[in-house]
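The values are calculated or read from the model by the stated rules, or taken from the named source; none is laboratory data. Bear in mind the structure is a predicted one, so any value in this text is a computation, not a measurement. Please note: Cβ atoms are built from the backbone with ideal geometry, for glycine as well, and neighbour counts cover all protein chains shown. Keep in mind that these areas ignore ligands, DNA and RNA; they rest on the heavy atoms of the full protein, side chains included. Shrake-Rupley method; radii C 1.70, N 1.55, O 1.52, S 1.80 Å.
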Amino acid sequence: MLGFPNCKINIGLQITQRRPDGYHNLQSCFYPVGWSDVLEIISVSANDAPVPVQFTATGIPIPGDPSASNNLCVRAYEALRADFDLPPVKMHLHKIVPIGAGLGGGSADAALTLKHLNGMFELGLSLAQLEEYARPLGADCAFFIQNRPLYCVEKGDVFESLAVDLTGYHIVLVYPNLAISTAEAYAGVRPHQPDVPLRTLLEAPLSEWRHTVHNDFEDSLFPRYPVLGELKAQLYELGAVYAAMTGSGSTVYGIFGAEPNGMAVFERYTTWQGKL
């Protein structure tokens with residue numbers, strides 16, 4: 001089975017509270033974007049399987065041993081295998097979405113692994129059940145089971161419907177070839193209750209978001225990495241209706257009414273553009 005696990009952006013991100021378990025409560029709109037990896041899973045006979053899951057990867061190098069049990073795709077297989085008699089499989093991931101970029105690429109890979117295995121082996125799991133398997137794999141992972149715009153709260157893995165539809169808008173993603181770890185990003189945040197909840201701000205027209213919808217990670221990361229603020233300013237100069245950093249960085253995106261000109265300004269970086 002061949003699939004294309006896509007990434008996401010955060011439209012606004014309010015960090016409201018540090019949790020006793022070490023995570024943070026947040027409010028954010030997760031919105032799927034078409035920049036994708038490529039994932040193939042095939043079933044193999046037991047005679048051809050020295051281990052239950054054989055994982056290989058190409059494209060962007062995955063840190064550490066990509067076939068180890070800490071790999072998210074392997075962990076997704078093992079989570080289902082703990083409850084179901086899964087046959088051995090081979091997985092191949094061609095990694096395209098940057099790592100440490102705030103795009104949730106690894107979480108998307110794991111979520112699609114769960115969905116593929118559910119379909120291939122007719123496990124009969126509902127979306128809600130798949131989300132329960134996804135949550136322990138990572139805070140973003142459960143979002144990619146539904147893979148539609150959602151208002152995400154608590155750790156980012158509890159979902160509410162949200163009437164945000166950017167269909168027809170053009171998006172530009174700029175990854176400045178700078179990986180920011182989640183631990184580093186959270187080390188600089190100061191959780192607080194916002195004056196206005198993000199949900200209320202997102203009810204306003206897109207043209208107003210520039211002045212109201214904010215990613216709290218920008219407050220500490222922009223001074224530390226000036227290129228991030230520069231990219232945001234350049235996206236507005238190109239005509240973005242709204243621009244921001246996604247997640248805990250370091251990708252910065254702009255939402256445009258039409259395909260922008262002047263993309264050469266980002267030629268030293270890794271970029272993707274397309275329709276929402």
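Observations, loosely collected:
- Residues in segment 245-259 that are at negative phi and open to solvent by less than 10 Å² (accessible area, probe 1.4 Å): MET245, THR246, SER250, THR251, VAL252, TYR253, GLY254, ILE255, PHE256.
- Odd one out for ALA185, checked against (1) open to solvent by 10 Å² or more (accessible area, probe 1.4 Å); (2) modelled with pLDDT under 95: (1)
- Those residues of segment 26-50 which are out of contact with any helix residue (DSSP H, G or I) (no Cβ under 7 Å at 6 or more places or on another chain), open to solvent by less than 40 Å² (accessible area, probe 1.4 Å) and not in a strand (DSSP E or B), in sequence order: VAL44, ALA49
- Complete set of residues in segment 101-126 that are of a type in the set (Ser, Thr, Tyr) and closer than 16 Å to ILE41 by Cα: THR113
- When residues in segment 147-161 are screened for being more than 13 Å from the chain's Cα centre (by Cα) and open to solvent by 30 Å² or more (accessible area, probe 1.4 Å), 6 of them pass.
- Among the residues of segment 213-233, just one is basic (Lys, Arg) and either within 17 Å of ILE11 (Cα to Cα) or open to solvent by less than 50 Å² (accessible area, probe 1.4 Å) (or both), namely LYS232.
- Candidate set: segment 115-139, residues that are within 21 Å of PHE159 (Cα to Cα) and either free of Cβ contacts under 8 Å to residues at least 12 places away in the same chain or of a type in the set (Phe, Trp, Tyr) (or both); chosen: the one most open to solvent (accessible area, probe 1.4 Å): GLU132
- The residues of segment 24-54 that are of a type in the set (A, V, I, L, M, F, W, C) and either modelled with pLDDT of 95 or more or closer than 22 Å to THR251 by Cβ (or both), listed by number, are LEU26, CYS29, PHE30, VAL33, TRP35, VAL38, LEU39, ILE41, ILE42.
- All of LEU112, LEU86, LEU103 fail the test of being touching a residue at least 40 places away in the same chain (Cβ under 8 Å) and open to solvent by 10 Å² or more (accessible area, probe 1.4 Å), apart from LEU112.
- Qualifying residue in segment 51-65 (condition: open to solvent by 10 Å² or more (accessible area, probe 1.4 Å) and part of a helix (DSSP H, G or I)): no
- Residue selected from segment 191-212 under the condition assigned to a loop (DSSP other than H, G, I, E, B) and touching a residue at least 60 places away in the same chain (Cβ under 8 Å), by the criterion surrounded by the fewest Cβ atoms within 10 Å (Cβ to Cβ): GLN193
- Residue check, ALA68 without any contact (Cβ under 8 Å) to a residue 12 or more places away in the chain and either in contact with a helix residue (DSSP H, G or I) (Cβ under 8 Å, 6 or more places away or on another chain) or under 30 Å from PRO191 (Cα atoms) (or both): yes
- Long-range neighbours under 8 Å by Cβ, at least six apart or interchain, first residue farther than 16 Å from HIS92 by Cβ and in contact (Cβ under 8 Å) with a residue 60 or more places away in the chain within segment 34-52, second open to solvent by 70 Å² or more (accessible area, probe 1.4 Å) and in a strand (DSSP E or B): GLY34/LYS275
- Residue in segment 1-11 that is farthest from the chain's Cα centre (by Cα), counting only those that are buried (at least 22 other Cβ atoms within 10 Å of the Cβ) and assigned to a strand (DSSP E or B): ILE11
- VAL158 fulfils the conditions (1) β-branched (Val, Ile, Thr); (2) in contact with a strand residue (DSSP E or B) (Cβ under 9 Å, 6 or more places away or on another chain); (3) touching a residue at least 60 places away in the same chain (Cβ under 8 Å) except for a single criterion, (3).
- Flag if ALA76 is open to solvent by less than 20 Å² (accessible area, probe 1.4 Å), assigned to a helix (DSSP H, G or I) and of a type in the set (A, V, I, L, M, F, W, C): yes
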